[in-house]
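First comes the structure, then the notes that go with it.
The values are calculated or read from the model by the stated rules, or taken from the named source; none is laboratory data. Every value quoted in this text rests on a predicted model; they were computed, and no experiment measured them. All Cβ positions, glycine included, derive from the backbone under ideal geometry; neighbour counts span all protein chains shown. Heavy atoms of the whole protein, side chains included, go into the accessibility calculation; ligands, DNA and RNA do not. Shrake-Rupley method; radii C 1.70, N 1.55, O 1.52, S 1.80 Å.
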Amino acid sequence: QGLTSDTPGARATTDVLCQAGRLPSFGYATYYLEQAKSDPVAPASDLRTSDTGWRLENACVTVDLDPVNGAITRLVDRRSGLDLIDGKRRAFPIFSGRPNRKDPDGKEAPEEYDSAPSKAEISWVERGPVRAVVKVAHAWPMMRLEYWITLQAGSPEVDVRIRVAADVPPE
């Protein structure tokens, strides 16, 4: 992803992401990197992302995100054609709840937190060809909600990691 050396010919480190198949169930597999003789061609991949919206798609699933709050509104199993989330009723993830009203420093929290109508900051972290990641962040007074939605090439699994950072301690 990025070299950490500015000196030509010096050793450098970088992060490498590759899709490994046929891994042994126990033990390990060793992979070696070799200097490419020319610029490599991007590998063929079934992973696609939308240029005009928030869609992640591979041969197994299609994931559509709400452009306002970043929640998953549509999750289609492409093999069966089933839409696994009814985004009109309730997208995923939606965070809602009532906070403690005051922290020890006397700051007031809002009456309620609700990510459904909230405007999120949405950005691409990665866009393939092996993995696509979208970061969604909601910033409210005294609280921040972040989640990352990840889809990998060839995988039917959608990974959603959620982090809640609250400035108000529990009572």
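Computing the accessible area with a 1.4 Å probe over protein heavy atoms, can you report the carbon and sulfur percentage for the chain? Taking all protein chains in place, the chain shows 49 percent carbon and sulfur surface. When peptides 148-157, 63-72 are ranked by their average number of other Cβ atoms within 10 Å per residue, the highest-first order is 63-72, 148-157.
If the chain between residue 90 and residue 164 were fully stretched, how many nm would it gain, using 0.36 nm times the residue separation less the Cα-Cα distance? Contour length minus the Cα-Cα distance gives 24.7 nm. Under 25 °C and 0.890 mPa s, how fast does the stretch 29-117 diffuse according to Stokes-Einstein, given a Kirkwood radius computed over C-alpha pairs? Answer in µm²/s, whole number. D, rounded to a whole number, is 143 µm²/s. For residue 78 and residue 39, a Förster radius of 35 Å and the Cβ-Cβ distance give a FRET efficiency of 0.60, rounded to the nearest 0.05. With protein chains left intact and a 1.4 Å probe, residues in the stretch 32-171 average 64 Å² of accessible area per residue. Who wins for biggest fluctuation among 22, 144, 79 in a Gaussian network model of the chain, springs between alpha carbons below 10 Å? Highest fluctuation among the options: 22.
What percent of all Cα-Cα pairs in the chain falls into each 10 Å bin, going from 0 up to the bin containing the maximum distance? In order of increasing distance, the bins hold 8, 28, 26, 21, 13, 4, 0 percent.
Within the same chain, aspartates and glutamates fewer than 8 places from residue 135 are excluded, and of the rest, those with a Cα less than 13 Å from its Cα are 66, 121, 126, 146, 159.
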